[in-house]
Amino acid sequence: MPNEDALASAALARLATGLEQNLILPAGRPSAVLVLLYPGEAGLQVLLTQRAEDLDHHKGQISFPGGSCDPQDLDYWATALREAEEEVGLPEAPQRLGHLPPLFIPVSGFAVAPCVGYLPARPAVYPRTREVAALVEPPLEDLWAIEEWEDVKTPTGAVWRMPVYPWQGRRIWGATARMLHTLRRALRA
């Protein structure tokens, strides 16, 4: 029987082959997030943040570390890593696995590049700015086990069926849940 490290390595190799390596964002304000994976006691974990309640946008929501691209950022990875360092003090660059498909978020006008990376151990991270209220670090298998679906009305009046993850008293929804669902499909491909 293969050990857990071998199973995780196989899953990451499968994931890396299924991810996009070059990314073209849709129209919108260019931004990037870091989808950071690392091993935990219950398998692969993902690093999320809970945004502070006093922010103008997305207050209290669960999100990936990330934000707007700056002119000095060389690429989307540079944006994702800069933002992760600013928000949670990410001490090292992860292994680059690739990108999930880009998203456009109509409410904010952001075009998001989801950059997927891997570290062989949990990084020493902590909330570093007033933007981040807490770290949220669910095991992926826990999320997959509780995935729910709900109908969400968009600003244009259209109704979309969207994934939602009610995890430990928090509601992971919106663009973050969409990216997690896409990650799930890529890991299980």
The chain - convex hull of the alpha-carbon atoms, volume per residue in Å³: 125
The long-range amide H neighbours of W167, using H built 1.01 Å from N in the peptide plane and a cut-off of under 5 Å, are I172
Placing +1 on the Cβ of each Lys and Arg and -1 on the Cβ of each Asp and Glu in the chain, which of T154, H181, G43 has its Cα farthest towards the positive end of the resulting dipole? T154
So in the stretch 4-137, what percent of DSSP beta bridges are antiparallel if you round to the nearest 5? 70
Sorted by chain and number, the residues with a modelled amide H under 5 Å from that of F110, at a separation of 5 or more or across chains, are R29, I105
Stretchable slack from I105 to E92, in nm (0.36 nm times residue separation minus alpha-carbon distance): 1.8 nm
Burial-style ranking of 48-54, 60-66, 15-21, average other-beta-carbon count within 10 Å with highest first, yields 60-66, 48-54, 15-21
Relative contact order for the chain, counting Cα pairs under 8 Å that sit 6 or more residues apart, in percent: 26
Once amide H atoms are placed 1.01 Å from N in the peptide plane, what residues at a sequence separation of 5 or more from L47, or on another chain, have their amide H within under 5 Å of its amide H? L36
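Read the figures in this text as sums done on the coordinates, not as results from a lab. Note that this is a predicted model, so its numbers are computed, not measured. For neighbour counting, all protein chains shown are included, and Cβ atoms are generated from backbone atoms with ideal geometry for every residue, glycine included.
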